[in-house]
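The values are calculated or read from the model by the stated rules, or taken from the named source; none is laboratory data. Since the structure is predicted, the reported quantities are computational estimates derived from the model, not experimental observations. Every residue, glycine among them, receives a Cβ derived from its backbone with ideal geometry; neighbour counts consider all protein chains shown. Surface areas here come from the heavy atoms of the whole protein model, side chains and all, with no ligands, DNA or RNA. Shrake-Rupley method; radii C 1.70, N 1.55, O 1.52, S 1.80 Å.
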Amino acid sequence: MRNLDMVTLRSFLAVAEQGGVTRAATALNLTQSAVSMQLKRLEEVLGIGLLDRSGRRIALTAAGEQLLSYARRIVSLNDEAVGRLTEDLYEGQITLGVPHDIVYPVIPRVLKTFNSMFPRVKVQLRSSSTVSLREALAGGALDLILTTETDVSPGGETLTRMPLRWTGAPSGTAWKTRPLRLAFCSFCIFRPGVLRRLDAAGIDWELAVESDDDRAVEALVSADLAVGALLEDSIPPHLEPLPASCDLPDLGDQAINLYCAQAEPDVVMRELIAMLRQGFAAGPAPVMAAAPGESVTA
């Protein structure tokens, strides 16, 4: 009877979900060669090919697609069993604050994995602006926060950087109007920098909305009555990044930073922080395509 190794299954899942060997290696904190060796070992155990390496794109074979469903259930059951058998070791509550525009897709994946490992540790998620989250952390109301900022403050850690993009309605023309109509929440941390760049470029602007509700801002932009600015990976389907031909100033990028209230995080907090690091290092799950510079062979 041949046995499936949990480590090789995790590597296979990571490649399938992250879209390539390089991203999978980053998510698993392994080298690309180590992940490739584990995939090869899994294929040798089963005696079948799991990845189609014939073209520029890495894709699952029919057998790989079939294994993917089993692998998810096997790994999930393993994690559940380990979590249940060790759940009496760790219990408590962690309050995590995250700006709304970086909740998806990383945070749900992280919380699901964390819950399987620490089922008796309750994570309370609070979504708010970076300014409010920083204030809540300083006041002791939150244990751990993520922020979107131009730079990182003392005591923080930058997990990744994301481009900030002008956004508008699909095929919209609001970006052509002058003065340029803008839609931002009252406490949006992007707004001051965007206004400075417009002033430096000599572009007249006016605020089309004053609201603390992100949905009101998105509604105005999606109606093609104004433009906004969002992180590249957080643009919803009903909006789109404006083309380079819109002649608006480049907005640069933003740091996604992590701040912890504990000077020396305990073991549970360290695990959550490690998961957040890996989640944002890997980024959103892309299509199954080789990353630039990545070999399609595994």
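So which trypsin sites (Lys or Arg not before Pro) in segment 30-64 end up in coil per DSSP with only 12 or fewer other C-beta atoms within 10 Å?
Sparse-neighbourhood loop trypsin sites (Lys or Arg not before Pro): ARG56.
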Practice problem: Name the long-range amide H neighbours of THR160: under 5 Å, sequence gap of 5 or more, or other chain; modelled H, no Pro or chain starts. | Solution: ILE256
Practice problem: May I ask you to derive the FRET efficiency for SER69 and VAL267 from their Cβ-Cβ distance with R0 = 35 Å, giving the value to the nearest 0.05? | Solution: 0.60
Self-check item: Where segment 112-163 is the region considered: accessible area per residue in Å², 1.4 Å probe
Solution: 52
Exercise. Pop out the ³J(HN,Hα) list for segment 222-232 in order, Karplus 6.51 cos²θ - 1.76 cosθ + 1.60 with θ = phi - 60°, rounded to Hz; leave Gly and Pro as x.
Key: 5, 7, 6, 9, 6, 10, x, 9, 9, 5, 4
Exercise. Filter the chymotrypsin sites (Phe, Trp or Tyr not before Pro) in segment 104-205 down to the DSSP loop ones having no more than 16 other Cβ atoms within 10 Å, then list what survives.
Key: PHE187
Quiz item: Which distance in Å, rounded to a whole number, links the C-alpha centroids of segment 160-218 and segment 90-122?
Solution: 31
Quiz prompt | Surface accessible to a 1.4 Å probe, per residue, for the residues of segment 231-278, Å² | solution = 48
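Using a 1.4 angstrom probe on heavy atoms only, work out the carbon and sulfur share of the accessible area of the chain in %. Write out the running numbers ahead of the final one.
On the way: 8050 of 15360 Å².
The computed percentage sits at 52.
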